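In what follows, a structure is listed as structure tokens, so that the remarks can point back to it.
Just so you know, all these numbers are worked out from the coordinates, no wet-lab data involved. What you see is a predicted model; the values in this text were computed from it and never measured. No Cβ is skipped: glycine too gets one built from the backbone with ideal geometry, and neighbour counts run over all protein chains shown.
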Amino acid sequence: MMQDTGYRMQDAGRRPWVSVHSVCILWLAACSVLSGCIHRSLTIKTDPPGATVYVNDQLKGESPLTYDFMWYGWYRLTIRKEGYERLDDRKLLRAPMWMWIPLDLAMELVPFRVRDQRVWSYVLAPIKELQTPLPPAMTHPTVAPSAAPAEEAPATSTTTGGETTP
């Protein structure tokens with residue numbers, strides 16, 4: 001008598017239930033559950049601290065501050081503090097080499113957390129106080145106007161021919 005192996009005759013040419021396709025699906029599911037993620041953060045420090053920081057015209061808070069960013073690229077910073085000059089800067093936040101295509105997909109799937117922490121530091125310059133302008137010094141004594149009327153200069157008129165007539 002034949003022993004029952006669990007396969008029917010029509011299944012004799014097929015592979016067992018664990019196929020390459022199934023293994024790939026299970027591996028991707030495990031990677032998505034077990035994979036870490038990339039944590040990107042930017043810290044902005046100022047000297048003196050307590051300055052108001054705007055990134056791409058959005059208020060982020062007072063320095064020193066740390067916030068999570070999503071995109072690499074150009075950022076426009078405005079830093080303000082009372083008594084200090086406003087600082088405007090445009091800076092490139094360049095992606096690290098391990099975030100370039102096609103390495104970025106592999107980094108998203110590694111089973112641990114990857115951190116990309118950046119720090120930008122700025123020194124604010126105090127506002128220079130302008131000196132109050134002083135009136136010019138008087139070098140000549142003022143002469144009191146005399147009671148006699150001043151002589152008037154004779155009136156002259158000019159014609160187009162260049163002749164002067166009284």
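Observations, loosely collected:
- Compared with the direct C-alpha span, the chain from ALA95 to PHE112 gains 4.2 nm at full extension, assuming 0.36 nm per residue.
- Dmax and Rg, reported as Rg then Dmax, of segment 20-121 (C-alpha, Å): 18.6, 68
- Rounded to the nearest 20, the size of the Cβ-charge dipole of segment 20-121 about its Cα centre is 100 debye, with Lys and Arg at +1 and Asp and Glu at -1.
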